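Step one of this worksheet: look at the structure below.
The values are calculated or read from the model by the stated rules, or taken from the named source; none is laboratory data. Just so you know, these numbers come straight off a predicted model, no measurement behind them. Counting neighbours? That spans all protein chains shown, and the Cβs are built from the backbone with ideal geometry, glycine included.
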Amino acid sequence: MYQYNNADHQLVAERVEQFSSQVQRRLNNELSEDEFKPLRLMNGLYLQLHAYMLRVAIPYGTLSSDQLRKLAVIAKRYDRGYGHFTTRQNIQFNWLELEDVPNVLAELTGVEMHAIQTSGNCIRNVTADPLAGVAADEIEDARVFAEIVRQWSTLHPEFSFLPRKFKIAVSAAENDRALLRSHDIALRLHHNDAGEAGFEVMAGGGQGRTPVLATTLREFLPQAGLLSYLEAVLRVYNQLGRRDNLYKARIKILVMEMGDPAFAAKVEEEWARIKDGALFLPEADIARIKADFAPPIYEGLDDTDPALVADLAKNQGFARWVRSNIDIHKQPGYGIATISLKSPNGIPGDVTAEQMEIIASIADQFSFGEIRVTQKQNLVLPNVRKCDLYAVWLKLDKMDLATANAGLLTDIVACPGLDFCNLANARSIPLAQRLSSRFRDLEEQHDIGKITLNISGCINACAQHHTANIGILGVDKKGTEHYQITLGGRADGGDAIGTIVGPAFPAEEVDGAVDIIISVYLNLRQDGETFIATVDRLGLEPFKEELYALA
């Protein structure tokens, strides 16, 4: 993984020192909360319902075991013993005392971590395919280019006060695991007809109150033009994006108002002016960053391991976990193991300090000391020998980390909702827990098959419910918590925004509504048909009929 250079260390240390002074001024009442707010947001610090929350960046979702151990220390020393992994590959600490925040940031610098640009109207933490570098379906390691974008965008003087927050995602895989078209800019690395590697550039995606899928600006951008093209897109947005209305300030609104061709033409005009200048990206610079992401030294192993075959035969629980939580590795004899943070006993995305410490130790022993954070609020051990999978499963199982539900119904994505967030209209966590309990039978989940269910507590859609197969949105209806349900969303390359079905249900009826949706699917599916395939084939009417009958 990328290692900080002297400039990185100096930048982060100076930011911590500056913010420490600002915190002290707030504690001394030399700054009002209104005066302090823009300063804390620039450092990833939010004031939520009950306490300050710090959002720590995990660029492109890559963590070392030492970094995870430090996060465990922070959780124990300064928080309530846990952290919350988000859909943006960050971690949040929800119960910090303001006077402790400078100490937390200082501790993070020791493991090359920070909270810079995890909030505010700037370019946020750059995300990527969580399986980058190990996935069998990729053409290159997307993290190389995510890191290049991170370096370009960090404290960029021209883009520190954009009309609104700005999110960039990068992938180099056939299968989209980075939710590309939900981003302000998405970069998909692929080969052109000449066999050259470059980017499809998409722009104008986003969820929230106006869910939009990004459209393609350029089918193929040479790698050397990456930074200059991004600069051109951001300049057009920064100059023309609306600043008079918070709800119409995202780039998606600008693209819709201008129209795709006009926006793309404006970007191309700006790019033509700057592409051969200082932002031209030489191959030598790409190679330098690539060196930081060199793969570990793998053993030469057979892809079929006799010990694994025997372990699968003797333990049904382990076999179920391998079936759902292990992905194909590009290196024979290795697997990619998803650690589900969706136990029926837990909260989606939450992990205790003790669990972090165990995962860090497992990563050291079995996965070259590396962990990934996924957009699904899970963790991944990217490099596990197949012969070690059983030992890994046993260790995870002891810590309630071996739930075999990756990609299944209870692999629920949920925002903190009204339990923490002062923007929320409804609670997400209790609903996620009830649904996890209702569908906790793993045999039933495996029979239902691949499906996504996301719960957002408000229209900001932090849990990305619009692109879930089943999306649930908390709404305020005459002072009571209700939930809208959408069906048909997807973020798997055949992207679609879900459509609202049925009325808004009170909290106590949502479990039953989801039960009805699943029952309709099971009754009407054809052999081997997934939930989303059934919805695509039949449309929404069979589901609407049953849901309105419930109401």
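For this structure, a couple of remarks:
- Residues that are surrounded by 18 or more Cβ atoms within 10 Å (Cβ to Cβ) and not in a helix (DSSP H, G or I) within segment 233-277 comprise Gly241, Ala249, Arg250, Lys275, listed in sequence order.
- Across segment 410-439, the qualifying residues are those that are touching a Leu at 6+ places or on another chain (Cβ under 6 Å) and among the aliphatic types (A, V, I, L, M), and the one among them that is nearest to Leu179 (Cα to Cα) is Ile412.
- Taken together, Leu45, Leu39, Leu31 contain a single residue that is touching a residue at least 40 places away in the same chain (Cβ under 8 Å) and either touching a Phe, Trp or Tyr at 6+ places or on another chain (Cβ under 9 Å) or of a type outside the set (Asp, Glu) (or both), which is Leu45.
- The single condition among (1) surrounded by fewer than 19 Cβ atoms within 10 Å (Cβ to Cβ); (2) touching a Ser or Thr at 6+ places or on another chain (Cβ under 7 Å); (3) at positive phi that Gly349 does not meet is (1).
- Count of segment 201-223 residues which are without any contact (Cβ under 8 Å) to a residue 40 or more places away in the chain and either buried (at least 18 other Cβ atoms within 10 Å of the Cβ) or assigned to a loop (DSSP other than H, G, I, E, B) (or both): 4
- On the stretch given as segment 294-335, residues that are within 24 Å of Asn5 (Cα to Cα) and touching a strand residue (DSSP E or B) at 6+ places or on another chain (Cβ under 9 Å) total 2.
- Some residue of segment 343-360 being outside the structural domain of Arg427 (by TED's automatic domain parsing), among the charged types (D, E, K, R) and more than 20 Å from Ser456 (Cα to Cα): yes
- Any hit, segment 63-70, residues being at pLDDT 95 or above and under 16 Å from the mean Cα position of the chain (by Cα): yes
- Boolean, Ala337 is assigned to a helix (DSSP H, G or I) and outside the structural domain of His84 (by TED's automatic domain parsing): no
- Given (1) farther than 22 Å from Gln239 by Cβ; (2) in contact (Cβ under 8 Å) with a residue 60 or more places away in the chain; (3) of a type outside the set (Val, Ile, Thr); (4) surrounded by fewer than 23 Cβ atoms within 10 Å (Cβ to Cβ), index of the condition Ala178 fails: (4)
- Within the set Leu96, Leu131, the sole residue that is under 26 Å from His465 (Cβ atoms) and of a type outside the set (S, T, N, Q) turns out to be Leu131.
- Filter pass, Arg288 being loosely packed, with under 14 Cβ neighbours inside 10 Å and in contact (Cβ under 8 Å) with a residue 60 or more places away in the chain: no
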